[in-house]
Amino acid sequence: MSNMRFHIRFPEEKIKEPVIYQIGKEYQVVTNVRRADVRETTGWMDLELTGETAEIERAVEGLRKKGVVVDPIELNVVE
Amino acid sequence: MSKMKALVCRECGKEYPTKAIHVCEMCFGPLEVKYNYDEIKKSVSRKKIEEGPRSMWRYADLLPVEGPTFLGPHAGFTPLVRAKNLGAFLGLDELYIKNDTVNHPTLSFKDRVVAVALTRARELGFETVACASTGNLANSVAAHAASAGMRCYVFIPGDLEAAKVLGNLIYKPNVVEIEGNYDDVNRLCSEIAGEHGWAFVNINIRPYYAEGSKTLAFETVEQLGWRTPDQVVIPMASGSLLTKIWKGLHEMKALGLVDEVRTRVNGAQAEGCSPISTAFKSGRDFFKPVKPKTIAKSLAIGNPADGYYALKATAESRGAMDMVSDEEVVEGIKLLAQTEGIFAETAGGVTIGVLRKLVKQGTIKKSDVTVAYITGNGLKTQEAVIDAVGRPVRIQPSLVAFEKTFKMGKNGGGDA
């Protein structure tokens, strides 16, 4: 089992969708939101996913397919 | 008692031991170093600093290392140039350039942060260091690792220009080209940092690494005769440099090295990658990530880790932010070179371009003591100005041709 941490961003049209719930249902991962700021036109979450590494990667891909932007918790590390 | 008290979460305030960790386990906020200022105050003084080495290590009491051995012994204490010509051109009475184009060993301000990172990494027992970079950071990590005899991994995007790759290979680190775009490189490096027991300088060593930028504030204050400037203009990539200069100024006050901090910190970005400046100018306390498209590649961070904190520091100081076009970047590079004889990389062009804008807007006033931070050497980004500097005057190999071209008279000549 692995834990991986991500910073995810929602485009305006996705803010009302229960994306985290859906990911937890569709993939074998435990979702754990640690910090978030969701407003009318913008939203982000710091999210932990726990599960098998390959399943976490599938869940991340699933988030991306739903239109959510997924970054490492550190944001940009290439300087 | 150690001068380092703990690592502390910038969001929730939870404290951690001073190890190689960078994210709060509770809220996932970033960690930074918390100091025992009361303890430091007992030993630090202007006199002690002035008697220290002519490098950034004269401020070792204010840096997150135990010492007494430091890697990167020559980094810092770069010239603070009184820029009379550029000041006159812009209409400023007292303008200074903090000139990190001559920082050692790799000619950018990154030598400051990397010297701290590698010193701390070795203190924590690491023998392998790594970074993910497209330029200055990689050069600096590779050079410092070579000098320290540490194993080094440099991760770069697969499409990086040959000259930049060479600048790393010469120090013989393990240079790993990753196939994929910037986001792919970014994600993989974060994962590698989590999996391997390495000192990844800008990931798990970041709380220490970032503190090296404070030395730019310390040096500025000392070189100004122990006074804080009225205005500073700072280029922003991740935003860390700006936040640490602000922190450094306040540490000097907390330690009694200056009486007051009257400085307004101003941030500079290029239009093609200006998430922080755009947020500031829109009055937002959060930024929207962007896909960078600018010649100022050393500032091209579209989702900056310290963007939020840079916005906060600038607001606290009652400073400003702005951005300039790529054309204005080139003009800024040329203006600095032609007035002060300092050849800056593109980030320097951004700083000078924004300085110019802020003066024109009246944000920076004629009588303000102003410092512009020039963070890297122009020889690193010659391609940015190659079409903007004209060509040499070509003549036949004869004295007549030379004198005719330059309209020479007995008392000297003119321009061609």
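Since every read-out is calculated from the coordinates, none of them should be taken as a lab result. As the structure is a prediction and not an experimental result, all values here were calculated from the model. Glycine gets a Cβ as well: all are built from the backbone with ideal geometry, and neighbour counts include every protein chain shown.
A few comments on the model shown:
- Using a Förster distance of 56 Å, the FRET efficiency for residue B:259-residue B:404 (Cβ separation, nearest 0.05): 0.35
- Chain B: angle of helix B:182-195 to the longest principal axis, Cα-based, in degrees nearest 10: 30
- Karplus-derived 3J(HN,Hα) values for region A:20-29, using 6.51 cos²θ - 1.76 cosθ + 1.60 with θ = phi - 60°, are 5, 4, 4, 5, x, 7, 7, 10, 7, 9 Hz; glycine and proline are entered as x.
- All other residues whose Cβ lies under 11 angstrom from that of residue B:152 are scored, Lys and Arg at +1 and Asp and Glu at -1, for a net of +1.
- Chain B: angle of helix B:346-361 to the longest principal axis, Cα-based, in degrees nearest 10: 80
- Per-pair calculated FRET efficiency, R0 = 35 Å: residue A:54 and residue B:282 via Cβ, rounded to 0.05: 0.30
- Computed FRET value (nearest 0.05) for residue A:30 with residue B:88, which takes r as the C-beta separation and R₀ as 41 Å: 0.05
- Gaussian network model of chain B, Cα within-10 Å springs - most flexible of B:237, B:388, B:145: B:388
- Helix B:326-340 and the long axis of chain B differ in direction by around 80°, with both axes built from C-alpha atoms.
- Amide hydrogen neighbours beyond the local backbone of residue B:371, cut-off 5 Å, H modeled: B:96, B:231, B:232, B:233
- When chain B is treated as a GNM with alpha-carbon contacts under 10 Å, the residue of B:197, B:212, B:307 showing the greatest mean-square fluctuation is B:197.
- Cβ crowding within 10 Å ranks B:323, A:45 as A:45, B:323, fewest other Cβ atoms first.
- Beta bridges per DSSP, both residues in chain B: antiparallel share near 35 percent.
- Comparing B:392, B:68, B:289 in a Gaussian network model of chain B (Cα springs below 10 Å), the most mobile by mean-square fluctuation is B:392.
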